[in-house]
Amino acid sequence: MRDIYSLHVTTINPRQVSPYEELANAIVLQAVEDYKAVRAGRIPTISEEDQVNLKPDIVIKRLIAEKKDLIRFFKSKDFSIYTDLNPQFLLEKLDSMKIARWKPRFIYVEWDAELCKQELVKQNMSYSDISRLTKIRSNIISNCLRKKFVKQSIAKKMEEALGVLLIKKEWGK
């Protein structure tokens, strides 16, 4: 029986491992990485921006569902086709590992894009004008004005430049 660390295939000659074995190893390794992500509080099937913008209770429900799906995969016949690793042993090893909590790289906020657009018109400012004030590229400003959620740093700079409150809700702290 192999242990968790023998999942990594290291060969000098890549022809020693068949493409099917490489694919099977990649599937198992991806499931292991997804399981670690779930344990760290990260939903592996959605982007960081989308997760930060979810309400905490929804994140918890999604994490529980993801973990159940992964455990179901590890205990399935498919898993035993991909590897001869004992699924119970693997889960015990993964659960005993210390894994740091996931933290988003950025804090996203819900903001009032419509108010921002109105203020730009009211103050007779173009995208290039606001870009010079905030040091944010005009194409990023244009994209942000079409979104409900933006990076907190962008919203703060726009608030400072326009002199109005644009941030509605802050999540992900």
Residue in region 77-88 that is at pLDDT below 85, more than 25 Å from Arg42 (Cα to Cα) and not acidic (Asp, Glu) present: no
Unique residue being basic (Lys, Arg), in a loop (DSSP other than H, G, I, E, B) and surrounded by 12 or more Cβ atoms within 10 Å (Cβ to Cβ) when the list is Lys93, Lys157, Lys147, Lys168: Lys147
Verdict on Asn139 being in a helix (DSSP H, G or I) and without any contact (Cβ under 8 Å) to a residue 24 or more places away in the chain: yes
Single unsatisfied condition, Glu119 versus (1) out of contact with any Lys or Arg (no Cβ under 7 Å at 6 or more places or on another chain); (2) not in a helix (DSSP H, G or I): (2)
Answer from Ile71, Ile81 - the residue that is in contact (Cβ under 8 Å) with a residue 40 or more places away in the chain and of a type outside the set (Ser, Thr, Tyr): Ile81
Scan of region 71-90 for residues that are assigned to a loop (DSSP other than H, G, I, E, B) and charged (D, E, K, R), ordered by number: Lys75, Asp84
Restricting region 43-70 to residues that are outside any helix (DSSP H, G or I) and either under 14 Å from the mean Cα position of the chain (by Cα) or aromatic (Phe, Trp, Tyr) (or both), the residue that is surrounded by the fewest Cβ atoms within 10 Å (Cβ to Cβ): Ser47
Residue that is surrounded by the fewest Cβ atoms within 10 Å (Cβ to Cβ), among those in region 122-136 that are hydrophobic (A, V, I, L, M, F, W, C) and assigned to a loop (DSSP other than H, G, I, E, B): Met125
Residue identified as of a type in the set (A, V, I, L, M), surrounded by 13 or more Cβ atoms within 10 Å (Cβ to Cβ) and at pLDDT below 85 among Val17, Val38: Val17
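The values are calculated or read from the model by the stated rules, or taken from the named source; none is laboratory data. Just so it is clear, the structure is predicted and the values come from calculations on it, not from any experiment. Every residue, glycine among them, receives a Cβ derived from its backbone with ideal geometry; neighbour counts consider all protein chains shown.
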